[in-house]
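Before any comments, here is the structure.
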Amino acid sequence: MCETCGCTITPGNEHLVQGEGRLARTADGKAAVTVLQSLLHENDHQAEHNRAHLDAGGVLAVNLMSSPGSGKTSLLEATIEALQGSLKVAVIEGDLETENDAVRVRAKGVPVVQITTGSACHLDAHLVHDALHHLELDGVDILFIENVGNLVCPASFDLGHHVNVTLLSVTEGDDKPAKYPVMFRAADLLLLSKTDLLAVLDDFDPAAAEERFRHLANPAPVLRISARKGEGMEAWLHWLRQTLMVHRARLRQGATSRPAVQPDGARVYEHGPAHRGQPHHHDHDPGHEHHHDHSGHSHHDHHHG
């Protein structure tokens with residue numbers, strides 16, 4: 001996790017811990033724990049700001065998460081083509097290095113900002129905030145945020161987005177939900193991608209993958225999709241349109257939508273209960289107090305003010 005790889009400090013928040021930054025010094029000398037906890041707090045604060053900015057424009061922000069090579073960029077390309085003329089899309093691309101994915105998406109005629117994270121294996125709210133300053137969001141309906149390919153850290157950081165969509169490619173193991181529960185608990189929608197390859201793969205069982213997903217007590221929808229062949233695209237587009245419609249209805253009522261950000265990863269920095277129970281971190285464990293509406297979406301109502 002981030003405790004060992006150091007990815008809690010990203011190009012977006014390093015100013016807080018360098019030089020005269022607000023978190024550069026600690027009162028009690030417990031630099032590692034105190035600074036990391038403070039960075040997580042600062043991330044949550046920045047995420048609130050990002051979400052309010054997006055809400056003001058009626059924009060739905062969708063965080064795409066998966067392991068590398070699961071087909072996020074191909075899905076974006078197919079989705080942009082399918083939505084042309086009906087919904088306006090913008091994209092934030094996150095990757096360790098290169099602008100390859102941004103170049104591919106930009107060729108579809110939509111505004112794109114590339115975030116290069118270097119060694120950080122996830123995006124954070126500060127990086128997204130910086131990217132938003134370079135995006136013209138007037139008239140945009142859906143902002144897709146393609147997170148860094150990683151099945152752990154991205155699920156634990158609120159970016160200011162509204163929903164999480166997790167991709168699981170059939171070229172991976174159908175036991176991934178069991179191996180990476182934090183990521184799959186955070187999903188507001190699970191897409192089983194590259195399903196056109198099932199005809200030549202005999203070691204991935206979609207039903208087994210969904211069963212392991214359900215064992216995490218996550219009732220989010222599961223869709224099978226092939227961006228290359230177009231299979232399952234209509235169901236995916238319907239989910240997007242429904243989620244946008246419901247989100248905007250919430251905004252008219254003074255509420256917003258928040259993702260099921262998983263605090264499990266963040267808990268490696270905690271030495272007490274104080275950080276637990278942050279108002280916008282939601283576990284999907286059995287018996288949790290948040291109620292989900294799954295008529296086309298699976299996230300939460302939260303009223304402003």
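The values are calculated or read from the model by the stated rules, or taken from the named source; none is laboratory data. Bear in mind the structure is a predicted one, so any value in this text is a computation, not a measurement. Note that each Cβ is placed from the backbone with ideal geometry, even for glycine, and that neighbours are counted across all protein chains shown. What goes into the accessible areas is simple: the full protein's heavy atoms, side chains included, and nothing from ligands, DNA or RNA. Shrake-Rupley method; radii C 1.70, N 1.55, O 1.52, S 1.80 Å.
Listing for the model above:
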read-out	value
Which of 185, 241, 248 is most accessible, then next, and so on - probe 1.4 Å	241, 248, 185
Long-range HN-HN contacts of residue 174 with modeled amide H, under 5 Å	205
Cβ-based net charge around residue 72, under 12 Å, with every Lys or Arg adding one and every Asp or Glu removing one	-3
Using a Förster distance of 35 Å, the FRET efficiency for residue 214-residue 81 (Cβ separation, nearest 0.05)	0.60
Residues of region 162-184 with amide N under 17 Å of the 7 Å Cα→Cβ point at residue 198	167-177
Filter on 108/194; 108/229; 108/176; 179/229 - keep pairs with C-alpha separation over 24 Å	108/176; 179/229
Theoretical FRET efficiency, 1/(1+(r/R0)^6), r = Cβ-Cβ of residue 56 and residue 136, R0 22 Å, to 0.05	0.95
Placed amide H near residue 163: partners under 5 Å, 5+ positions off or other chain	61, 63
Integer Hz, Karplus 6.51/-1.76/1.60 couplings in order for region 177-182, x for Gly and Pro	x, 6, 7, 10, x, 4
Amide H contacts under 5 Å for residue 115, placed H, 5+ residues apart	93, 94, 95
